[in-house]
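The structure appears below as structure tokens.
The values are calculated or read from the model by the stated rules, or taken from the named source; none is laboratory data. All values reported here derive from a predicted model rather than from experimental measurement. Methodologically, a virtual Cβ is constructed for each residue, glycine included, from the backbone with ideal geometry; neighbour enumeration extends over all protein chains shown.
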Amino acid sequence: MRPLLYYTTTVEAAKTVGEKAVLKEWDGEGQIAALSFKVDSPRGELGIRIPIKVEAIMKMLNKRYYAGKIPRRYSSKPQAVRIAWRIAKDWVEVQCAMLEAEQVEVSEIFLAHLLTPSGQTFFETITERNLLPVGKQVPSN
């Protein structure tokens, strides 16, 4: 098991998000739950929402702590928030670098995260409508 990216970060989520963010969406606990912004594309301005799933990071940190892989100080909610945002920041930066190098189009990068007229992301819409393709079941050994 390789180390979780940024598990030792001390950079706060608000600093990671930076000034370019158009909208920071907050959850009921006062944590930033998603980053929404707009990008220009050949089809016009597109809304994007990148979810930040802190609980998934927290679950992974706890699993690694109990397995003796990381110290307790790295298995906390504030640390999970910092990690989640650093990972999202890197992902967006890499996607934008691919776009700048003309390796992909905006829609290719952010398709799952495109906001639809209903306010849901494309992924949320196709999941809700049960439109995700189903692959072959692979037998477990």
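I need a count of the residues in the stretch 41-74 that are under 28 Å from residue 107 (Cβ atoms) and outside any loop (DSSP other than H, G, I, E, B). Break it down stepwise before answering.
First, pick out the residues of the stretch 41-74 that are under 28 Å from residue 107 (Cβ atoms): 41-54, 56-57.
This time we only want the ones that are outside any loop (DSSP other than H, G, I, E, B), so: 41, 44-51, 54, 56-57.
Qualifying residue count for the region: 12.
Which residues, taken from the stretch 10-40, are surrounded by 12 or more Cβ atoms within 10 Å (Cβ to Cβ), among the small types (Gly, Ala, Ser), at pLDDT below 80 and not in a helix (DSSP H, G or I)?
Once the filter is applied, which keeps residues that are surrounded by 12 or more Cβ atoms within 10 Å (Cβ to Cβ), among the small types (Gly, Ala, Ser), at pLDDT below 80 and not in a helix (DSSP H, G or I), the stretch 10-40 yields only 21.
Could you count how many residues in the stretch 101-135 are in contact with a strand residue (DSSP E or B) (Cβ under 8 Å, 6 or more places away or on another chain) and of a type in the set (Phe, Trp, Tyr)? Spell out how you get there, then give the answer.
Taking the stretch 101-135 as the starting set, the residues that turn out to be in contact with a strand residue (DSSP E or B) (Cβ under 8 Å, 6 or more places away or on another chain) are 105-107, 110, 112-115, 121-122.
Checking which are of a type in the set (Phe, Trp, Tyr) leaves us with 110, 122.
Selection size over the stretch 101-135: 2.
Need a quick list: helices (runs of 4 or more DSSP H) entirely within the stretch 75-136 having at least 2 residues that are at pLDDT below 90. Lay out the reasoning, then the answer.
On the way: elements: 77-100, 106-110, 122-128.
So the answer is 77-100, 106-110.
If you scan the stretch 79-110, which residues turn out to be loosely packed, with under 12 Cβ neighbours inside 10 Å and at negative phi?
Restricting attention to the stretch 79-110, the residues satisfying the condition of being loosely packed, with under 12 Cβ neighbours inside 10 Å are 93-94, 97, 100-103, 108.
Hits for the stretch 79-110 are 93, 94, 97, 100, 101, 103, 108.
Residues in the stretch 111-128: is at least one within 21 Å of residue 37 (Cα to Cα), exposed (fewer than 14 other Cβ atoms within 10 Å of the Cβ) and in contact (Cβ under 8 Å) with a residue 60 or more places away in the chain?
Among the residues of the stretch 111-128, not one is within 21 Å of residue 37 (Cα to Cα), exposed (fewer than 14 other Cβ atoms within 10 Å of the Cβ) and in contact (Cβ under 8 Å) with a residue 60 or more places away in the chain, which makes the answer no.
Output the qualifying pairs, or none if there are none: Cβ atoms under 7 angstrom, residues six or more apart or on different chains, first residue in the stretch 41-57 and over 17 Å from residue 121 (Cβ atoms), second residue of a type in the set (S, T, N, Q) and not in a helix (DSSP H, G or I).
54/31
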